[in-house]
Amino acid sequence: MTESALNLSPDPASEQRAVGSHLARRMLRNATGLASMIVLGLIVLAAILAPLLTQTDPALADVRSILQPSSAAHPLGTDSAGRDVLARLLHGTRYSIAGALLGTTVAAMIGVIGGLLAGYYQKGFESVSSWLVSAIMALPGIVVLLAARAVLGPSLWMAMAVFGVLLAPAFYRLTYTAVVNVRHELFVDAARVSGVGDLSIIGRHILSVVRAPIIIQFAFVMGIAIAIQAGLDFLGLGDQSVPTWGNMLNDAFARMYKSPVLIVWPSLAVALTSTALALFANALRDELERSGKTKKRRRLAGAAAAAPVLAGEEAVVHAELGEDTRADLLTVDSLVVGYDQPDGILKQVVNGVSLRVKRGEVHGLIGESGSGKTQTAWSILRLLPDGGRIVAGTVNFDGKDLAHLSDKEMQKVRGRRISYIPQEPMSNLDPSFTVGSQLAEPMRLALGISAAEAKKRALELLARVGIPNPERTYAAYPHEVSGGMAQRVLIAGAVSCEPDLVIADEPTTALDVTVQAEILDLLRGLQKELGVSILIVTHNFGVVADLCDRVSVMRSGLIVETGPARSIFADPRHPYTQDLFAAILEDGAARGQLDHSADRHTATQGVTP
Amino acid sequence: MIRFTIRRLVSGVILLFVISSVAFLLLNLGAGNVGRRILGPQGTADTVALKNEQLGLNEPVLTRYFEWLRGAVTGDFGASWFTNQPVDQAISSRLAVTLAIVIGATLVSGFLATVLGVWAARRRGWADKLVQVIAVLGFAIPGFLIAIFLVNVFALNLHWFKPTGYVQMGTSFTGWLSSVTLPIAALSIGAIAAIVQQVRGSVIDALRQDWVRTLRSRGLSENRIVFKHVLRNAGGPALSVLAVQFIGLLGGAVIVEQIFAIPGLGQISVSATAQGDLPLVMGLVLVMGAIVVIVNLLIDLIQGFLNPKARVS
């Protein structure tokens with residue numbers, strides 16, 4: 001048991017270490033990362049080498065040479081006490097950097113240790129520390145710093161240590177969340193079961209996961225520390241005996257009218273340092289996020305390569321049964337859909353689909369997941385996700401080519417002429433608005449009716465789609481209705497503006513088996529009543545048999561077989577269609593239905609109180 | 001909802017109590033000889049002792065704390081040790097000034113961050129990059145440097161505004177507006193940088209939700225979807241950041257008021273803590289704490305309005 005758990009879940013700690021070394025290399029290649037690291041390196045170097053770079057004592061005042069311009073003796077001039085600006089700037093770097101380092105280290109130590117303990121042991125630790133955190137967060141930091149100064153006196157180091165305590169929550173929250181997320185991972189359980197001590201688990205498995213985020217946070221907080229420290233000194237509340245950037249700012253600000261250039265140097269030093277720190281943290285975060293993404297993309301590319309593309313293959317077309325006088329409503333011709341990849345390559349997901357839907361017909365578009373059927377449906381509505389576009393082909397709807405319509409004209413087609421029923425009912429209602437307002441809003445805009453009229457019609461529609469208490473559902477928020485109810489609401493929305501064509505994308509897949517049958521009944525009833533055409537996307541032959549007049553079978557972005565449903569059921573000719581049928585016979589039911597009956601038993605009907 | 005509000009207020013009062021106790025004890029630890037500090041070198045040993053006696057400083061700390069607490073509960077916060085001005089008077093006359101600047105900066109940064117964030121999230125590409133750069137710079141460069149820069153450019157060189165001073169809103173509205181423009185601008189830039197990142201992120205997240213596609217499929221215009229539906233869903237996280245920023249602005253105001261010589265809470269915070277004027281510092285700690293408690297409560301109530309799932313019953 002322990003061993004299998006150990007084998008099953010790779011330890012992300014070792015993975016993280018590998019990522020770490022890649023990360024360092026990638027930071028060097030990242031322009032922002034490299035530039036910020038060079039600047040930070042130079043600043044640290046200036047701090048270390050300050051006594052070598054200038055021989056002048058930064059505290060040496062000389063009343064005979066106050067506010068001098070730049071000269072050989074004083075390359076950046078002198079301040080109001082005749083002290084050398086360059087020497088003060090270089091020595092100030094030492095104090096500013098050391099002070100910020102001290103504050104940030106205190107914050108990181110307290111925050112990380114507190115976060116590790118609270119996250120790992122929970123309960124007692126958790127409640128105490130979260131209360132402390134909210135108490136600390138509730139006070140404006142600078143007021144506490146001022147109060148601390150009143151108590152502890154004006155010391156740079158004391159002020160930065162207090163500041164560290166104040167900023168500890170930044171590290172605490174980060175560590176706490178990470179630990180809680182990791183704590184229940186299998187590899188941690190496995191380590192615990194196999195007798196690894198708590199400390200060792202924390203050190204080896206958990207700390208390595210939060211290491212990179214802590215470095216990022218460290219850079220951010222250190223930038224803030226530099227700013228706060230300079231701010232305190234600037235106010236004259238710091239330790240005036242040491243040369244810091246803030247003390248220089250204080251002196252320069254008081255002489256801004258006489259010698260405006262004085263303020264430039266310390267300002268530049270503070271701005272440059274904190275910007276470099278922020279850019280470094282940003283670049284590191286970007287690289288960290290990117291390392292997660294490239295892995296995913298590689299996996300996707302692998303999956304796509306495995307599926308053979310059958311471009312150029314002719315679809316099997318079954319003859320029509322008898323005379324069908326109904327006119328064509330939608331004619332899709334050689335539709336190609338692709339997604340632009342970041343590297344400039346176009347990833348094709350639909351490879352030349354042709355499809356006809358007649359007026360008043362129910363047309364099934366069937367295929368396994370990944371065959372491109374949903375992409376086809378979305379491109380008819382021109383609602384492809386970001387990056388997706390119609391590459392070639394036409395979508396002729398009632399005399400108009402939707403593929404080349406302007407966005408504004410397309411907006412008029414949606415809802416009024418073509419509408420849409422989504423697959424997953426719960427995620428397709430805006431959680432912030434009531435069910436009723438989402439139903440009434442499109443009617444008011446599309447049909448130009450009053451709010452009262454829209455509400456009346458919405459209530460009628462809710463009753464028509466079989467909702468027992470329309471008034472209550474109208475006023476309910478999406479999280480207060482069940483999945484089956486939500487799908488009825490979405491169906492009501494789809495027919496609310498009297499469209500000619502409804503595109504239903506797997507409308508029953510996410511529902512309970514018993515609810516599935518009811519939803520199919522509802523769709524059949526509405527179709528008969530309104531005479532609307534339906535293009536139904538599904539992977540379920542049961543749905544096709546139940547509802548459809550004609551069927552198109554889709555595979556790898558192409559239609560492989562199309563014709564009247566009865567002919568295809570009686571005589572599937574394409575090997576892929578035959579495979580699909582064989583799969584149903586083996587399983588006893590269409591794929592998907594079984595899975596969903598097993599794990600969707602929690603969905604209940606009706607409005608939950 | 002009323003019960004929730006009451007519960008939060010009670011816990012806020014407890015928080016204030018704890019903070020004030022800690023502050024009182026700490027301030028007393030470092031108090032030193034208060035009478036000497038008030039009277040300066042001119043005071044004789046006798047007058048110093050008399051002063052300490054008058055202020056009750058010879059009593060034990062706990063006795064004095066309960067004395068202070070009894071007063072505070074009944075609304076009597078004592079008087080400044082150094083000016084003898086009653087603490088509530090000293091604070092209330094300045095509170096309005098600071099609140100005007102901080103609320104102004106909150107509104108300005110909330111509005112601009114929303115506009116910029118939505119713009120970046122919808123346009124992506126170069127607009128997005130530009131906003132990101134602004135956000136990093138605005139975050140990194142300390143507010144007081146921005147304030148110094150603004151004074152230099154717009155007051156000393158262009159003479160568009162007066163470099164220092166404050167005009168009461170009652171005296172002249174345009175004068176007031178002109179006196180708070182630079183302080184509000186200086187405070188807003190950092191806040192915008194923090195909020196815009198959050199707005200951009202949550203708008204991008206919300207735009208990817210399934211229900212956005214469904215709303216589009218109903219024929220709603222893109223502007224309506226973004227400004228009515230997406231923004232309401234993205235508003236929650238952005239508002240949390242705004243609340244944190246408000247508290248930060250309260251601290252930032254201390255420095256900015258100093259630069260622009262604005263007679264707000266910041267100025268007396270600096271002088272009172274530098275002098276160790278205990279009654280005044282305690283009053284300031286209480287007022288700041290109370291503002292924070294109230295702001296957090298308001299934000300939670302607005303969150304409930306925005307997000308029905310978080311609505312408190």
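The values are calculated or read from the model by the stated rules, or taken from the named source; none is laboratory data. Keep in mind that this is a model prediction, so the values were computed, not measured. Every residue, glycine as well, gets a Cβ built from its backbone with ideal geometry; the counts of neighbours run over all protein chains shown. Side chains are part of the model used for accessible areas, which takes the heavy atoms of the whole protein and leaves out ligands, DNA and RNA. Shrake-Rupley method; radii C 1.70, N 1.55, O 1.52, S 1.80 Å.
Given the criterion in contact (Cβ under 8 Å) with a residue 60 or more places away in the chain, at the interface with chain B (Cβ under 10 Å from one of its Cβ atoms) and touching a Gly at 6+ places or on another chain (Cβ under 6 Å), identify the matching residue among A:Leu272, A:Leu277, A:Leu237.
A:Leu277
Across segment B:189-215, what is the number of residues that are within 12 Å of another protein chain (Cβ to nearest Cβ), assigned to a helix (DSSP H, G or I) and open to solvent by 30 Å² or more (accessible area, probe 1.4 Å)?
Residues in segment B:189-215 being within 12 Å of another protein chain (Cβ to nearest Cβ), assigned to a helix (DSSP H, G or I) and open to solvent by 30 Å² or more (accessible area, probe 1.4 Å): 4 in total.
If you take the residues in segment A:419-432 that are more than 8 Å from chain B (Cβ to nearest Cβ) and buried (at least 24 other Cβ atoms within 10 Å of the Cβ), which one is nearest to A:Pro478 (Cα to Cα)?
A:Pro425
Kindly provide the set of residues from segment B:148-162 that are surrounded by 13 or more Cβ atoms within 10 Å (Cβ to Cβ) and more than 18 Å from A:Ser259 (Cα to Cα), ordered by number.
B:Phe161, B:Lys162
Would you say B:Val102 is part of a helix (DSSP H, G or I), within 11 Å of another protein chain (Cβ to nearest Cβ) and at pLDDT 90 or above?
Judged against the criteria, B:Val102 is a match.
Results for (1) aliphatic (A, V, I, L, M); (2) surrounded by fewer than 13 Cβ atoms within 10 Å (Cβ to Cβ); (3) within 14 Å of chain A (Cβ to nearest Cβ), shown as yes or no for each residue.
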residue	(1), (2), (3)
B:Arg7	no, yes, no
B:Ile14	yes, yes, yes
B:Ser20	no, no, yes
B:Asn28	no, no, yes
B:Gly43	no, no, no
B:Ala49	yes, no, no
B:Asn52	no, no, no
B:Leu57	yes, no, no
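Consider B:Gly143 carefully, then state whether it is open to solvent by less than 50 Å² (accessible area, probe 1.4 Å) and either away from chain A (no Cβ under 14 Å) or acidic (Asp, Glu) (or both).
It is false that B:Gly143 is open to solvent by less than 50 Å² (accessible area, probe 1.4 Å) and either away from chain A (no Cβ under 14 Å) or acidic (Asp, Glu) (or both).
B:Phe111 is checked against (1) free of Cβ contacts under 8 Å to residues at least 60 places away in the same chain; (2) within 14 Å of chain A (Cβ to nearest Cβ) and fails just one. What number does that condition carry?
Single failed check for B:Phe111: (2).
Which of (1) of a type in the set (D, E, K, R); (2) part of a helix (DSSP H, G or I); (3) open to solvent by 10 Å² or more (accessible area, probe 1.4 Å) is the odd one out, the single condition A:Asp239 does not satisfy?
Evaluating A:Asp239 over (1) of a type in the set (D, E, K, R); (2) part of a helix (DSSP H, G or I); (3) open to solvent by 10 Å² or more (accessible area, probe 1.4 Å) leaves (2) as the failure.
Looking only at segment A:363-406, how many residues end up being part of a helix (DSSP H, G or I), more than 21 Å from A:Val495 (Cβ to Cβ) and out of contact with any Ser or Thr (no Cβ under 9 Å at 6 or more places or on another chain)? Can you show your working first?
First, the residues of segment A:363-406 that are part of a helix (DSSP H, G or I): A:373-381, A:402-404.
Of the ones still in play, those that are also more than 21 Å from A:Val495 (Cβ to Cβ) are A:373, A:375-376, A:379, A:403-404.
Among the residues that remain, those that are also out of contact with any Ser or Thr (no Cβ under 9 Å at 6 or more places or on another chain) are: A:375-376, A:379.
Going through segment A:363-406 one residue at a time, the tally reaches 3.
Looking at A:Asp79, A:Asp57, A:Asp84 in this structure, which one is in contact (Cβ under 8 Å) with a residue 24 or more places away in the chain and open to solvent by 60 Å² or more (accessible area, probe 1.4 Å)? Reasoning before the result, please.
Values: A:Asp79 fails: open to solvent by 60 Å² or more (accessible area, probe 1.4 Å); A:Asp84 fails: open to solvent by 60 Å² or more (accessible area, probe 1.4 Å).
Result of the check over A:Asp79, A:Asp57, A:Asp84: A:Asp57.
Pick from segment B:163-183 the residues that are among the hydrophobic types (A, V, I, L, M, F, W, C) and surrounded by fewer than 23 Cβ atoms within 10 Å (Cβ to Cβ): which of them is farthest from B:Ile255 (Cα to Cα)?
Filtering segment B:163-183 for residues that are among the hydrophobic types (A, V, I, L, M, F, W, C) and surrounded by fewer than 23 Cβ atoms within 10 Å (Cβ to Cβ), the one farthest from B:Ile255 (Cα to Cα) comes out as B:Phe173.
Residues being more than 7 Å from chain A (Cβ to nearest Cβ) and either crowded, with 20+ Cβ neighbours inside 10 Å or not hydroxyl-bearing (Ser, Thr, Tyr) (or both): count how many of those fall in segment B:216-259.
Residues meeting the conditions: 28.
So which residues in segment A:454-511 are of a type in the set (D, E, K, R) and part of a helix (DSSP H, G or I)? Break it down stepwise before answering.
Keep residues of segment A:454-511 that are of a type in the set (D, E, K, R), which gives A:455-457, A:460, A:464, A:471-472, A:480, A:488, A:498, A:500, A:505-506.
Of everything in segment A:454-511, those that are of a type in the set (D, E, K, R) and part of a helix (DSSP H, G or I) turn out to be A:Lys455, A:Lys456, A:Arg457, A:Glu460, A:Arg464, A:Glu471, A:Arg472, A:Glu480, A:Arg488.
Name the residue that is farthest from A:Ser533 (Cα to Cα), counting only residues in segment A:407-441 that are out of contact with any Ser or Thr (no Cβ under 7 Å at 6 or more places or on another chain) and either of a type in the set (S, T, N, Q) or not assigned by TED's automatic domain parsing to the domain that holds A:Ile380 (or both). Please lay out each step first, then the result.
Of segment A:407-441, the ones out of contact with any Ser or Thr (no Cβ under 7 Å at 6 or more places or on another chain) are A:407-410, A:412-413, A:416-418, A:421, A:424-427, A:429-434, A:436-438, A:440-441.
Checking which are either of a type in the set (S, T, N, Q) or not assigned by TED's automatic domain parsing to the domain that holds A:Ile380 (or both) leaves us with A:427, A:432, A:434, A:437-438.
Numbers: A:Ser427: 25, A:Ser432: 32, A:Thr434: 29, A:Ser437: 26, A:Gln438: 24 Å.
Step by step, filter segment A:407-441, then rank; the result is A:Ser432.
Quick check on this structure: which one of B:Leu301, B:Leu280, B:Leu286 is open to solvent by less than 20 Å² (accessible area, probe 1.4 Å) and more than 10 Å from every other protein chain (Cβ to nearest Cβ)?
Selected residue: B:Leu280, the only one of B:Leu301, B:Leu280, B:Leu286 that is open to solvent by less than 20 Å² (accessible area, probe 1.4 Å) and more than 10 Å from every other protein chain (Cβ to nearest Cβ).
Among the residues of segment A:249-265, write down those that are within 9 Å of chain B (Cβ to nearest Cβ) and over 13 Å from A:Thr78 (Cα atoms).
Of everything in segment A:249-265, those that are within 9 Å of chain B (Cβ to nearest Cβ) and over 13 Å from A:Thr78 (Cα atoms) turn out to be A:Leu249, A:Phe253, A:Met256, A:Tyr257.
Of the conditions (1) touching a Ser or Thr at 6+ places or on another chain (Cβ under 9 Å); (2) at pLDDT 85 or above, B:Leu298 fails just one. Which one is it?
(1)
So which helices (runs of 4 or more DSSP H) are wholly in segment A:100-188 and hold at least 1 residues that are at pLDDT 85 or above, under 22 Å from A:Leu277 (Cβ atoms) and open to solvent by 60 Å² or more (accessible area, probe 1.4 Å)?
Details: elements: A:123-137, A:141-152, A:156-183.
Those helices (runs of 4 or more DSSP H) span A:156-183.
So how many residues does segment A:438-465 have that are surrounded by 17 or more Cβ atoms within 10 Å (Cβ to Cβ) and either of a type outside the set (A, V, I, L, M, F, W, C) or touching a strand residue (DSSP E or B) at 6+ places or on another chain (Cβ under 6 Å) (or both)?
Residues that pass the stated criteria total 7.
Looking for whichever is surrounded by fewer than 21 Cβ atoms within 10 Å (Cβ to Cβ) and at pLDDT below 90 here; the options are A:Ala510, A:Ala517. Which one fits?
A:Ala517
In segment A:335-373, which residue that is aliphatic (A, V, I, L, M), open to solvent by 10 Å² or more (accessible area, probe 1.4 Å) and touching a residue at least 12 places away in the same chain (Cβ under 8 Å) is farthest from A:Pro564 (Cα to Cα)?
A:Leu346
Going by what's in this entry, would A:Ala377 be described as aliphatic (A, V, I, L, M), within 23 Å of A:Thr509 (Cα to Cα), crowded, with 19+ Cβ neighbours inside 10 Å and touching a strand residue (DSSP E or B) at 6+ places or on another chain (Cβ under 7 Å)?
yes
Taking the options A:Leu86, A:Leu34, A:Leu52, name whichever one is modelled with pLDDT of 70 or more and under 30 Å from B:Val133 (Cβ atoms).
So the residue among A:Leu86, A:Leu34, A:Leu52 that is modelled with pLDDT of 70 or more and under 30 Å from B:Val133 (Cβ atoms) is A:Leu34.
Look through segment B:260-270, keep the residues that are open to solvent by 10 Å² or more (accessible area, probe 1.4 Å) and part of a helix (DSSP H, G or I), and return whichever of them is nearest to the other protein chains (Cβ to nearest Cβ).
Among residues in segment B:260-270 that are open to solvent by 10 Å² or more (accessible area, probe 1.4 Å) and part of a helix (DSSP H, G or I), the one nearest to the other protein chains (Cβ to nearest Cβ) is B:Val270.
Filter segment A:433-443 down to residues that are more than 15 Å from B:Ser217 (Cα to Cα) and assigned to a helix (DSSP H, G or I) and give me whichever is farthest from the other protein chains (Cβ to nearest Cβ).
Among them, the one singled out is A:Gly436.
So for segment A:542-550 (the condition being open to solvent by 10 Å² or more (accessible area, probe 1.4 Å) and either assigned to a strand (DSSP E or B) or more than 22 Å from A:Val357 (Cα to Cα) (or both)), does at least one residue qualify?
yes
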